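Please treat every number below as a calculation from the coordinates, not as lab data. For clarity, every value in this text was computed on a predicted model and none was experimentally measured. Cβ sites come from the backbone with ideal geometry, for glycine too, and all protein chains shown count toward neighbours.
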Amino acid sequence: MASDPLRHDAEGPDPVCPLCLRPIPADVPQSRHHLIPKLRGGKGGPTVLLHHICHKTIHKTLRETELARSVNTVEALRAHPDLAPFWAWIARRPPGFSGKTR
């Protein structure tokens, strides 16, 4: 069975989530985030590999319009005042932590 090219597999070192700065082991839930939402013109645009909980938190917190217009870089996501407390909180959890999004 071929591996999913959008997921990290067991080959090589674990990538690091650019938002919470924790490693993303191959066996933890992970997903790709389109920096500009697909429905707002980002199909085929840049993506970043994130922990699934980090990805869910982005979409639970921000509207796609806001993501497309002003929060469309890793730096903007890390600095956003509604997300920054979550990044600080989740950074203290183990890489496999996947509790409910706050």
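Tell me what the chain gives for mean residue ellipticity at 222 nm when only DSSP H runs of n ≥ 4 count, each as -39,500 (n - 2.57), the sum divided by the residue total, rounded to 500 deg cm²/dmol.
Numbers: 4 runs with 29 residues, N = 102.
Taking each H run of at least 4 residues, the total per residue is -7000 deg cm²/dmol.
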Phi-based couplings in Hz for the range 85-98 (Karplus 6.51, -1.76, 1.60; Gly and Pro marked x)
x, 5, 4, 5, 5, 5, 4, 8, 9, x, x, x, 4, 9
Debye-sum result for the chain in log10 I(q)/I(0), which assumes one identical scatterer on each alpha carbon, at q = 0.11, 0.24 Å⁻¹:
-0.32, -1.36
Looking only at the range 20-49, which residues have a backbone nitrogen under 11 Å from a spot 7 Å from the Cα of PHE97 in the C-beta direction?
22
Computed for the chain: size of charge dipole around the Cα centre, +1 on C-beta of each Lys and Arg, -1 on C-beta of each Asp and Glu, debye to nearest 20, value 440
Which Cα, out of LEU62, ALA76, PRO94, lies furthest along the positive dipole direction of the range 46-102 (beta carbon charges, K/R +1, D/E -1)?
PRO94
